[in-house]
Amino acid sequence: MAILKRNPPKYGGVVHGFSGSVQQAMDFIKLGLKIGVGGVITYPRAKKTRATIAALPLESLLIETDALICH
C-alpha cells in the first residue's frame with residue numbers, strides 16, 4: 001500500500017482476487033482502484049470475505065469470471 005500511495009495509478013486498475021478487510025479495500029478504492037471479486041465468495045467458509053464485499057460501494061466492485069477450469 002505504501003508504494004501505491006507514493007505512486008498512485010494514473011488510469012485506475014483492479015485488485016485481483018481481493019480477500020482483505022474493509023479498510024484495506026477502502027484504501028485501494030481511494031486510489032481509484034476497483035475491487036476484484038471472484039468465485040471465492042461462494043465458498044461456505046468465506047463468511048468474512050462476503051461480509052467485507054457486502055460493505056463496499058457497489059460501483060467499486062468488479063466481478064471476475066476467470067477460472068482455471070471452465071466447462
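Give the residues of the range 40-71 that are in contact with a Gly (Cβ under 9 Å, 6 or more places away or on another chain) and farther than 21 Å from residue 5 by Cα, sorted by residue number. Scanning the range 40-71 gives 40, 49, 52, 62, 63, 64, 65, 66, 67.
Of the helices (runs of 4 or more DSSP H) contained entirely in the chain, those carrying at least 3 residues that are surrounded by 10 or more Cβ atoms within 10 Å (Cβ to Cβ) fall at 22-30, 47-54.
Every number here is computed from the coordinates shown, using simple stated rules; none is lab data. This is a predicted model, so every value here is computed, not measured. Counting neighbours? That spans all protein chains shown, and the Cβs are built from the backbone with ideal geometry, glycine included.
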